[in-house]
Amino acid sequence: MTQHYLFISAHLDDAILSCGDYIHALIQNNYQVTIATVFTGMGTDLSMLARILHKKIRAGNGYDGCAQARGYSCC
């Protein structure tokens, strides 16, 4: 049975900025990963650093890019 990891992110880039390498390692080892963002504010643009880190893990630029990259929906 595959383990499923859920990351709760207060803002769009918090999960990537705080534990992006760990999330990347999980994805590379075929673990299921879901990132749930609680607050998005007024816009959905990510910071430059967040865009770089999202690109590193092939997550895209959207608020639910990490989930989409693995074929999951965000909560």
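The values are calculated or read from the model by the stated rules, or taken from the named source; none is laboratory data. From a predicted model like this one, the values you see are computed outputs, not experimental measurements. FYI the Cβ positions are ideal-geometry reconstructions off the backbone, even for glycines, and counts take in every protein chain you see. Note: accessible area is taken over every heavy atom of the protein model, side chains too, but ligands, DNA and RNA are not part of it. Shrake-Rupley method; radii C 1.70, N 1.55, O 1.52, S 1.80 Å.
Is it true that some residue in the range 20-42 is surrounded by fewer than 13 Cβ atoms within 10 Å (Cβ to Cβ), at pLDDT below 75 and of a type in the set (S, T, N, Q)? Yes, there is a match, as at least one residue in the range 20-42 is surrounded by fewer than 13 Cβ atoms within 10 Å (Cβ to Cβ), at pLDDT below 75 and of a type in the set (S, T, N, Q). Only one of the numbered conditions (1) hydroxyl-bearing (Ser, Thr, Tyr); (2) touching a His at 6+ places or on another chain (Cβ under 8 Å); (3) part of a helix (DSSP H, G or I) is violated by Thr34, and that is (3).
Return yes when Ile8 is open to solvent by 80 Å² or more (accessible area, probe 1.4 Å), under 10 Å from the mean Cα position of the chain (by Cα) and at pLDDT 85 or above and no when it is not. Spell out the reasoning first.
Numbers: open to solvent by 80 Å² or more (accessible area, probe 1.4 Å): yes; under 10 Å from the mean Cα position of the chain (by Cα): yes; at pLDDT 85 or above: yes.
Yes: the conditions hold for Ile8.
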